[in-house]
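A quick write-up on the structure given underneath.
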Amino acid sequence: MKILITGQHGQVSRELQQRLQGLGELIVLGRDQLDLADAEQIRQHVRAQRPDLIINAAAHTAVDLAESEPDAAFAINAIAPGVLAEEAKALGIPLIHYSTDYVFDGSKPAPYTEADTPNPLGVYGQSKLAGEQAIAAVGGEYLILRTSWVYANHGKNFLLTMQRLLPEKPQMRIVADQIGAPTWAGSIANSTRALIERWQAGQPGAWGIYHLTAQGETSWFGFAQAIGEHLKAQGKACAELEAIPSSAYPTPARRPLNSRLDCSRLQQQWQVSQPLWQDALRECLAQQH
Ligand SMILES: NC(=O)c1ccc[n+]([C@@H]2O[C@H](COP(=O)([O-])OP(=O)(O)OC[C@H]3O[C@@H](n4cnc5c(N)ncnc54)[C@H](OP(=O)(O)O)[C@@H]3O)[C@@H](O)[C@H]2O)c1
């Protein structure tokens, strides 16, 4: 089996490259080989490679920057996934694509299900929603996996930022009114492998949109506290944390206050579930040594 993976240096892509070993030949394309902003390049690469599965792990993920460069965000997050879906359908192969909790406005007082109506607050969420819609409109076989608050031991993420800043600063103010599930890219890749194995075994669930985040919930403040506890356990200094509301930390893009995603449909349909966020964080941290 030949698996084409985009986004060579991304958090999820790098974990996929490690965790899909043994499933088949992995063809990994970074931006240098395949610029997703160029639809013609996408078509050429897919037609030349003729993969058995496409995994789109690349995206324009700079949420605040997207507000000032909507054309780039839409080219990469909306148009490119549609082109990948068209090419996958032409080959008769599935497309696995990742999306985000930011398709929702966060006003629901409970975890979001796949049946809830999206209403993104910013350009990034709008472009990711348009990508979902473009894939669905093609009508091929696809899995859209909406995840949240992704971190890893590489790349740009909250875990690494906190591990750098907390030992340096006496105090840090962290947003405490956004609730969600920090999700390790390693867990996303493990779940993706489990989905591929079910499909390969001829036992796939229904194609479509699914929520895929760690279990449990916390705030950014709670996530920072957990990272701080680990620093202290290593004998390192840790800033005193102050919980603040989002209104005290203005950003160009508004974030949903409720990012919780109900992942039960993926469990029912594909028998795939994620670990608790605290357990996944522990496993991720254990791999730093
Ligand atoms: N990060 C999160 O917190 C989060 C939350 C919810 C959902 N998601 C979704 O999860 C998926 C994986 O995210 P991630 O955190 O792994 O992202 P990431 O670490 O930011 O990686 C994204 C990758 O996409 C590549 N890319 C950007 N523009 C490109 C282009 N024009 N052509 C080719 N490649 C391009 C980047 O390449 P360069 O290395 O060259 O920049 C980067 O390697 C995405 O669909 C994202 O929307 C992420």
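Here are the numbers for this structure:
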quantity	calculated
Odd one out for SER187 among (1) more than 30 Å from ASP52 (Cβ to Cβ); (2) within 14 Å of the ligand (Cβ to nearest atom); (3) polar (S, T, N, Q)	(1)
Close pairs (9 angstrom Cβ cut-off, 6 or more residues apart or separate chains): more than 17 Å from ARG47 (Cα to Cα) in the range 22-34, more than 9 Å from the ligand (Cβ to nearest atom) and of a type in the set (Lys, Arg) anywhere	LEU23/ARG193; GLY24/LYS2
Residue match in the range 227-248 (condition: under 11 Å from PRO182 (Cα atoms), part of a strand (DSSP E or B) and at pLDDT 95 or above)	no
Qualifying residue in the range 225-233 (condition: of a type in the set (Val, Ile, Thr) and surrounded by 13 or more Cβ atoms within 10 Å (Cβ to Cβ))	yes
Criterion violated by ILE5 - all others in (1) more than 10 Å from the ligand (Cβ to nearest atom); (2) of a type outside the set (Phe, Trp, Tyr); (3) more than 18 Å from the chain's Cα centre (by Cα); (4) not in a helix (DSSP H, G or I) satisfied	(3)
Selection count where residues are modelled with pLDDT under 95 and either at positive phi or surrounded by fewer than 17 Cβ atoms within 10 Å (Cβ to Cβ) (or both), scope the range 253-267	0
Options ALA130, ALA152: the member that is within 16 Å of the ligand (Cβ to nearest atom), touching an Asp or Glu at 6+ places or on another chain (Cβ under 9 Å) and farther than 18 Å from LEU261 by Cβ	ALA152
Total residues in the range 108-127, condition among the β-branched types (Val, Ile, Thr), buried (at least 19 other Cβ atoms within 10 Å of the Cβ) and either over 23 Å from LEU65 (Cα atoms) or more than 15 Å from the ligand (Cβ to nearest atom) (or both)	0
Any hit, the range 72-80, residues being over 16 Å from the mean Cα position of the chain (by Cα) and either within 27 Å of LEU195 (Cα to Cα) or modelled with pLDDT under 95 (or both)	yes
Top-ranked residue of the range 43-76 - restricted to ones that are charged (D, E, K, R) and either within 8 Å of the ligand (Cβ to nearest atom) or outside any helix (DSSP H, G or I) (or both), ranked as nearest to VAL123 (Cα to Cα)	GLU67
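Yes or no, residue by residue, for (1) in contact (Cβ under 8 Å) with a residue 12 or more places away in the chain; (2) closer than 24 Å to LEU20 by Cβ:
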site	(1), (2)
THR61	yes, yes
PHE104	yes, no
SER107	yes, no
ALA115	no, no
TYR124	yes, no
ALA134	yes, no
THR147	yes, yes
TYR151	yes, yes
MET162	yes, no
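Residues are listed down the side, and each one gets a yes or a no for (1) within 27 Å of HIS289 (Cα to Cα); (2) surrounded by 23 or more Cβ atoms within 10 Å (Cβ to Cβ); (3) in contact with a Leu (Cβ under 6 Å, 6 or more places away or on another chain):
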| position | (1), (2), (3) |
| --- | --- |
| TRP149 | yes, no, no |
| PHE158 | yes, no, no |
| ARG164 | yes, no, no |
| ILE179 | no, no, no |
| ILE188 | yes, yes, no |
| ARG193 | yes, no, yes |
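The values are calculated or read from the model by the stated rules, or taken from the named source; none is laboratory data. Just so it is clear, the structure is predicted and the values come from calculations on it, not from any experiment. Every residue, glycine among them, receives a Cβ derived from its backbone with ideal geometry; neighbour counts consider all protein chains shown.
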